[in-house]
Amino acid sequence: MIRFLSLPLRLALLCCGALLLLLPGCIDPYMPDGLSGPPNYLVVDGFLNSQGVTSIKLSRTYAIDARTAPPVEGRATVAIEQEAGPRIPLQEAPAGTYTSTSLVLNPARKYRLHILTQDGKQYASSYVAVKNTPPIDSVTWKTSADGLDIQVNTHDETNNTQYYRWDYDETWEIIPLLTPLLEYVNNTFRPITTPYPRICWGNQNSTAIDLAKTTNLSRDIISKHSLRSYPATSERLRHTYSILVRQYAQTQDEYRYWEMLKKNTENIGTLFDPLPSQITGNVRCLTDESELAMGYIGAYSVQQKRIFIRRAQLPNDWRVSTGYDICIPPDTVKYEDVRGTFNYKLNIPLYEIPGKGYLATGLDCVDCRLRGTSVKPSFWP
Amino acid sequence: MKPLYTVAFLLFLSLCALTGHGQQPDKLVTGDFVRVPFEQFASQLEAQTASRIYFDPAVVDSLLVTLQVQQQPLRSVLQQALQNTALRFAIDADNHVFITKGTAIDTGLMPGFFQQATSDNTMATRPDEEQTTTQAEGRSRYVSAAEYKVYELGTGGADGGKVTLAGHIRDQKSGEPVIGATIYSESPSIGTSTDQFGYYSLTLPTGRYDLKVRGLGIKNTKRQVILRGNAKLEIEVEEDITPLKEVVIEAEKDKNVSGMQMGLDKLDIKTMRQVPTAFGETDILRVVLTLPGVKSVGESSTGLNVRGGATDQNLILFNDATIYNPAHLFGFFSAFNPDILQTVELYKSAIPAKYGGRLSSVLEITTREGNKKKFSGSGGIGPLTSRLTLEGPIVKDRSAFIISGRSSYSDWLLRRLNNSSFRNSSAAFYDVTAHISHKIDDKNSVYATGYLSTDRFRLASDTTYRYLNQTASLKWRHNFNNQFYGVLTGAYSHYGYDITSEQNEVNASRLQYAINQTSVRADFSYFPNSRHTIDFGVSSQLYHIAPGSLTPLGAESLITPDVLQKEQAVESALYFSDRIDINQRLSVSLGLRYSLFNALGPSDVYRYASNDSRTENSIIDTVRYASGKVLATYHGPEYRVSARYSLTDNSSVKASYNRTRQYIHQLSNTASVSPTDIWKLSDYNIRPQVGDQYSIGYYRNLKSNTIEASVETYYKTLYDFVDYKSGATLILNHHIETDIVNARGKAYGVEVLVKKLTGKINGWVSYTYSRSLVQVNAGTPSDQINGGNYYPSNFDKPHDFTLIGNYRFSRRFSSSLNFTYSTGRPITLPLAKYYVGNSMRVYYSDRNAYRVPDYLRADLALNIEGSHKVKKLAHSSWTIGVYNLTGRRNPYSIYFKSENGQIKGYKLSIFGQPIPTVTYNFKF
C-alpha cells in the first residue's frame, strides 16, 4: 500500500500557508477535556503457559501524551485458578512481573487468571480452555530481488488448532568497521588500554501482531506464512542473523481480539487510517463493573524454533549495508584542534597520520555496545 | 396605491358600461394658481371642464400647485401642473381624469372587450401581440398595461365547463423561462407553479379571473382573463432589478402556507449572492448549509447531511445529470459557477416520485437558459478565482446559448511565497458550463448542457491529486396539447480521480477510480382538470465503475499493478403521482415509484459462510458471472404521499410520508468528504439502502404575508446503509464487503424557521434540534460497534442556529450578516495508551463518544452596487466581506500523532482568524 502524508497535515499546510497567505496558527495543540484525566485501567499482558513458566506483566493505562514508561502495577496478588479447582499463586519479581513455577495445565479443564490489586480490587480473566500448540514444522526463508522473506510452516494433524499467533526475537551481529588504536586521556594520546568490543549482538522483539487461521482450509496447515521480510540492503543481514519464532495456538475469541488490536493500533497517521474501535479483552473487574481492564489471557503452550541466516547463504550481488556507512571515511583532526575535539568524549581518535593529525570518528562508529550487547548470547554458535 | 387602483378601476369599469363612446370636445382652462393645494386645484379644473378627476388624497396631500394658464386644454394644464412630481395622469374618452403615482393607468380597452356579451365566435386574442404594441411606451408602463388589460381567451367552452389555460412565464428582458413561479386565482382558489421550462397549465371553469403571478426574482404581477375555452397565455414578467432586494422570500409569500410541497427549500442566485463566504465567491452549497436541517461535518466540507442522512444520500442534479463530487479544492469551493445558476431546490421530505435513487434529499440545480433577446455577459474577480459568463441569442426569441467559466489562480499565489514546500505545492481548478436552448416550434423545444469541472493539487511536492466531473444532458420537450406534455432526457455523468505519487521512483504509482453513469428518462405531466395534476414516467440508468487501480509509474517503479474488477449495473424505475385538490382546504398528493436494480457481470462474486463474520477467511466459494449476467436483483416500491390542510387563510398543516431506496453507496472513512471517496454499487453481498421518513409541519404567515414561520418535525428510519467495521480499509480492497456492515439509523428533529420577507431588514432565522443515530448490531459480536447500541453518527449535531440578516441602507448599499452556531460533531478519542505484546497500544473511546468544541462563526459582507441607470454600458458591483469576524478557531479536524512515543493531539482550524475579501462583479 502506498503511503501518503496524512491528510490533515497536508490540508494544514495548504490552508494556513498558501491560501490564506501565511495566517498564523491554524494548528493548535489540543487535548480534549475527555483526556485530562486519562483512565487508569489495569493492563494485563501475558498468557497462561500450559507447559512451562507463566509470566504476567501488570501495568496501567496512562496519559497518551506521557513520555514515561507505563506505570507498573506492583504488590498485587496474582494466581492461576482452575475452574472448580486449585489456585496456583504467582510470585512478583521484578516489580510488576509475576511468574509461576513451571506448570503443566490439565487440557481437560479451564483456567483463568485472578488478580487482587494493591487497592483491593479483584480482577479475573474469563475461564479459557487450554489449547495445545502444535510444533513448528520449520522456519524457512527465501530470497528474491526484493530481499529476504522469513516464513513459518506448521500443521495440526488433529485439525484442532486453526487459529495461530506468532511473535519472534531477532538477534544479529554488529561489527564496527573502525577500530581505534589510540585513546586520548589527560590531554595525551596513548595506545588504547581497553579495546572496544570487536563484535556485538543486536536484539529486538517483534512489535507487530502476526496472525493466521486455517478455518477456510480443509486441513489445518500453515504453509509459508510470511513473518518477517528485509530488503536486500538491510544491515541486519551483514553478518549472521538469527530469529527465534514462537508459536501460540489461539481460540477463535482470542484470535479476534488480536486481529482487532492489530487493526486498531498499527496504522496511525495515513490518509487511509481505519476507524478506531474500543477493544478491551477478556479481563474483567469483579468488584467494580465500571472499572475496565485491558488484555487477553489465554491458556496454551508455546512452540519455538530458531534459525540462523549467514551472509554467505545470501546472494552475492546483494549490496548489504554495513550499518556504518556514515562512518566512512573518518575525519582528520589537525594537531592544533586536538584538545578541543577529543576532550569531547563522543569523538574518538583512531590513529595518527604523521604530519597531518589524527583520524577521528564518532563514538557510535566504534562502540557497538550502543547498538547491542557485547555479551555473546548463549544460543549463538 | 393599491386601493386607489382598485377604486379607480371599478369606477372606470362601471362608467364604461354606463356611458356611450362619443368623444366630447375639449374644454379649455384659464387660471392663476399660487401654492394652491392640489385638491382645490382639481375642483377648479372640474368646474371649468366638466370632467371628473379621481385621485387618492393621501398621494397629493403635500402637493401645492403654482401655475398660470390661459385658455389651455386640460391635458396640457395637467402636464404642467404635474411635471416635476411623481404623479401621472390619464384621461379617458369620457373626460375622467385618473391621477396616479408613478405610472399612468391605461384607460384603453382591449379590442373585443365589449363583444363578450354579443359574440361567441371571437377568435382567441393573441395577447403577446398586444404586448408588443404597447412595449414602445416604456418598460414600467408596459407591465402595468398588461396587468390592466383584460384578456379574453379561448372559444367554445361550455358555460361553467372546465377549460385549460397554459403557457409560459418568461423574463421580459431576456426571454428566459421563470422557474417555480406561481400563477393562481384567489377566488376560486386554483393555482399552479411553472416547471423547469417556465410552463404552466391551469384548469379552471370558464369565467373571469384575476391571475396573480409570483416568483423568484421577478416583480409581482397579475393578468386579468376572461376564459372562454382552452387557450394559451404567454406571460412576460419583469425581473426584479434591484439585486439586493430579498426576492426569494417574497416569492414564497403564499407558497409557504398554500403550497403543497413541504420540506422544500428554494433559493435563487440573488439570495445566494447575499450570503458572505470565505473567498468572496457566491457558493450555493455554503448557502444550502444555512438552511434548517442541513449540516456538514466541517467548515470546508461540502458534504451535506440532510436531516440526519449521510453525505451520499443526496441526489445532486445539475440540469438532470448526476454530480458525484460537488466540490473544488477539498470543499473550499462548490463546483458550480454562481453566474450560470438560476435556482437551487432542495427537497428534504416529500420527495417527488419523479426523483429516486438517494435516501435523504434531492438537490436540483438549474442553470439559466441564456438571454434570448440580446448578447450580454457578466463576470467577477475575486481573491482566488475569476469567472466570466457570456450569453446571447442564436436565433432571436427562439434559441440562446450561455457559457460560463471559472478558474483559480492560486498556483500563481503559491509560487509567490517564500517557502519551498509551498512553491512545490500547487492547487488549481476550473469549471466550464455551456447550455443551449432552442425552441423548434410551439410544441417542441430542445435543451443541451455540458459541464466540466476539474481539480488538480499537489501538496508539498510528492503526491498529485486530480479529479474530474464531466456531465452532459440533452432534453427534448414536446407539448402534446395544453394539458399534456412530455420530456425525454438523456444524460451522462463521469467522475474520476487520479492520485499520483512520485516521491520515490521505486514507489511511484498512480491510484485511479472512475464512475460513469448513462441515463435515459421520459417524464410526462398531465393536467386533466383543476383537481388533478398527474406526473408519470420511466427512467433507466446504466452504471460502469472502475473501483480502483494502482499502477506503477515510470520504468523504475517496483509497484505491482493492482486492479479491482469493474462493476456494472442497471437501475430502472417507473413512477406515477397524482396531486388531488379535494377541496379548498385539503389537497393530497399520492405517488408511487417502483425501482429495480440489476447488478451485472462480468464479475467474480465471493460467497461467505453465513454464520461467520465476513472476512477473507470466511470466503467459501467464488462464483463467476459472465458479461451481462445478472448477479443480484433488488427491487421495491417507494411511496410518496403528502397532504395539506389549510386551517385558515394564512396557516396550514402539511404532512408527508416517503420511502426511498438507494443502490449506490459512497465509501469514505474520513469524517468529511474527500476526493478519495469511492462509490460502490449494491451487489450480491451489499444490499441497497432503504429509508422511511414521516414529517409533519405547521406553517403560518404573519403581518400580511411579510413574516413567514414554520415548524417542521420529522422522524426517519434508515436501513442497510453502509457503516464500517472497526479497522476497515476501503481503498483497493478486493473484498470490500468484509470491511463494511449494514447499519440501521434513526434520525429525528424539529426545524423552526422564521423569515422576514420584505423591508430594509430581512433575512431568516432558523433553529434545529435534531439527532442522528446509528446502530450496528447485526452479525457476530466483533462486527458490532459500541456493543450494538445506538451511537451518534459523524454528523450528529443536536443544536443548530443560523441567522442570515440583510440590511439595506439604500438601493446601492446593503449589508449582510451571517451567524452560525452548532454543537460540535462527535469524535472518537484515544483515551489512554498501554503496552501489550511488546508494543504501545491505544485505548479508544466508544465510537463517537466525544464531541469537538462547538462551532461558532459570524460573517459580514457589504455590497456596493454601481448606479442603477438602465442604459449603462456595464453594471458593476463590489462585495467586501469579512469571513469569521470573531476569528474563532473552529476545529475542522482533531487528530492525533505519535511523536517519540508520545501521542499528541492537534486541532486544525481552517479559518483561524478573520478573513477579509473583496470581489468585483460586472455585467454587460
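Throughout, read-outs are computed from the coordinates displayed, never taken from laboratory work. This structure is a prediction, so every number in the text was calculated from the model and none was measured. Here the Cβ positions follow ideal geometry from the backbone for every residue, glycine too, while neighbour counts run over all protein chains shown.
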Legend entry - Peptide A:250-260 - average C-beta neighbours from other chains (10 Å radius): 2
Legend entry - Hydrodynamic radius by Kirkwood, which averages 1/r over all alpha carbon pairs of the range A:143-196, in angstrom: 17.4
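Assuming R0 = 30 Å, what is the FRET efficiency of B:L452 and B:A546, from their Cβ-Cβ distance, to the nearest 0.05?
Numbers: r = 19 Å, r/R0 = 0.64.
Once the sixth-power term is evaluated, E becomes 0.95.
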Inset, instruction - Tell me the label-point distance for the pair A:R319, A:T207, using the 7 Å Cα-to-Cβ offset, in nm and rounded to one decimal. - result: 2.8
Legend entry - Cβ neighbours within 10 Å from other chains - mean over B:606-617: 2
Inset, instruction - With just the Cα atoms of the range B:328-396, tell me how far they stretch along each of the three principal axes, in Å, largest first. - result: 40, 36, 14
Inset, instruction - Please give the FRET efficiency for A:K334 paired with A:I199, using the beta carbon to beta carbon distance and R0 = 30 Å, rounded to the nearest 0.05. - result: 0.40
Inset, instruction - Alpha carbons only, please: Rg and Dmax for the range B:453-534, in angstrom. - result: 22.6, 72
Legend entry - Per residue Cα convex hull volume in Å³ - calculated over the range A:108-255: 207
Legend entry - Relative counts (whole %) of C-alpha pair distances in the range A:326-381, using bins that are 10 Å wide: 22, 41, 20, 12, 4
Legend entry - Distance between modelled label sites at B:K396 and A:T140, nm, 7 Å Cα→Cβ extension: 8.8
Legend entry - Whole-percent pair-distance distribution, where bins are 5 Å wide, for the alpha carbons of the range B:519-633: 2, 9, 11, 11, 12, 11, 9, 9, 7, 6, 5, 4, 2, 1, 0, 0
Inset, instruction - Treat the range B:547-611 as a sphere of radius equal to its Kirkwood radius over Cα pairs and apply Stokes-Einstein at 20 °C in a medium of 1.002 mPa s; give the translational diffusion coefficient in µm²/s, rounded to a whole number. - result: 122
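Restricting to bridges with both residues inside chain A, how much of the DSSP beta-bridge set is antiparallel, in percent to the nearest 5? Walk me through the numbers on the way to the answer.
On the way: 91 of 98 bridges.
Given both bridge residues lie in chain A, the antiparallel proportion sits at roughly 95 percent.
So for each of B:840-850, B:52-62, B:471-481 I average, over its residues, the number of other beta carbons within 10 Å; can you give me the resulting order with the highest mean first?
Details: B:840-850: 20.5, B:52-62: 15.5, B:471-481: 18.1.
Result, highest mean first: B:840-850, B:471-481, B:52-62.
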Legend entry - Between 0 and 90°, nearest 10: helix A:252-265 axis offset from chain A longest Cα axis: 40
Inset, instruction - Give the value in nm², to one decimal: projected area of the alpha carbon convex hull of the range B:816-863, averaged over all directions. - result: 4.9
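Please work out how much length the chain gains when fully extended from A:L370 to A:S55, using 0.36 nm per residue of separation minus the C-alpha to C-alpha distance, in nm with one decimal.
Details: separation 315, 0.36 × 315 = 113.40 nm, distance 2.87 nm.
Extra length available between A:L370 and A:S55 comes to 110.5 nm.
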Inset, instruction - Would you please state the base-10 log of I(q)/I(0) at q = 0.09, 0.10, 0.13, 0.14 1/Å for chain A, with intensities from the Debye formula using one equal scatterer on every alpha carbon? - result: -0.78, -0.92, -1.21, -1.26
